[in-house]
1. Rolling a 1.4 angstrom probe over the protein heavy atoms, how many square angstrom per residue are accessible across the chain?
2. Lysines within cross-link reach of Lys6: Cα-Cα under 27 Å, excluding same-chain residues under 8 positions apart?
3. Defining a contact as two alpha carbons under 8 Å apart and six or more residues distant in sequence, what relative contact order in percent does the chain show?
4. Could you work out what % of the accessible surface of the chain is carbon and sulfur, using a 1.4 angstrom probe and leaving DNA, RNA and ligands out of the count?
5. How far is it, in nm, from the label point at Asp247 to the one at Ala95 when both lie 7 Å from their Cα along the line to the Cβ?
6. Measuring from label point to label point, each 7 Å out along Cα→Cβ, what is the Leu78 to Arg15 span in nm?
7. What figure in square angstrom, to the nearest 10, would you give for the accessible area of Ser252 with a 1.4 Å probe?
8. What whole-number distance in Å separates the alpha-carbon centres of the range 1-65 and the range 182-242?
Amino acid sequence: MPPAKKRPRSYDPARTRAAVLAQFGHVRDAVRTLTPAQSAAPTRLGDWTVGEVAAHLTMAVDAVGRGLASPEPPKAGLTLLEWPSATAGRADAIADDTRRLAAAHAGPGGLDALYDGAAQRLTDALAAAPDNRLVATRTGALSLADLLVTRTVELVVHTDDLNAAVPGLDVPYDRQALAACTRLLADALAAKAPGGSTEVRVPPFAVVQCVEGPRHTRGTPPNVVETDPLTWIRLATGRLSWRDALDDAKVSASGERADLGGLLPLLG
């Protein structure tokens, strides 16, 4: 008999809304401190600059308002767990849009104005929208509640990119945003490699079982992977390779089915 299908993880919509607003506020405060030289500095995202990553985050939250301002789609176009892999096909278009937006706001005070406008539009858009309202996105329609979970991924991942690019910037991570991002990416791994032979632990936020093979039922699992949330997020999004994480002792992996290198990254 096949194992019972796991129910999708649920997220508290009120907490997710608060997390998105809080994390965007953290980034907004940090962007105000950027000097022109820092904005022009390179990042680990190919030829993207710090200013372009910052501009992209306003696009990520503006997607909420744009979607809510459009007619409601008749049905959902993808599930929350399908979203991470669905982003790959839009990467070039997103990059082009980001560069145009950043160039249009490259002057003094440009990013500040961009963030002020995006923050107000996000707050206004969320004021009366129900959580189950379907919202059209580049990758397919999602409920507003699910779309906001994906915004925690955008915000946390690119917050980490900004912190890596600008020494001392130290944008804080909202705990709920970090938790939602970690859990969605962990669940995406379990969906990509279903099974119960390997346990992936990302304390304190997520534990999932994945990978085909003998199913663990009692005691210590024979195959265990464990790491911290930010390392997991970097692995899942391709910011860090599996081999480098092992070599730098950023992740522990024990058991013959504990090698996740062939399954990562998850984000398209």
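The values are calculated or read from the model by the stated rules, or taken from the named source; none is laboratory data. Since the model is a prediction, treat every value here as computed from it, not as a measurement. Every residue, glycine among them, receives a Cβ derived from its backbone with ideal geometry; neighbour counts consider all protein chains shown. Surface accessibility is based on the protein's heavy atoms, side chains included, excluding ligands, DNA and RNA. Shrake-Rupley method; radii C 1.70, N 1.55, O 1.52, S 1.80 Å.
1. Accessible area per residue: 48 Å².
2. Lys75, Lys192
3. Numbers: 405 pairs, mean separation 55.5, N = 268.
Relative contact order comes out at 21 percent.
4. Numbers: 6820 of 12790 Å².
Carbon-and-sulfur percentage of accessible area, whole number: 53.
5. 2.5 nm
6. It works out to 2.5 nm between the two label points.
7. Looks like 60 Å² after rounding.
8. The two parts, judged by their Cα centres, are 22 Å apart.
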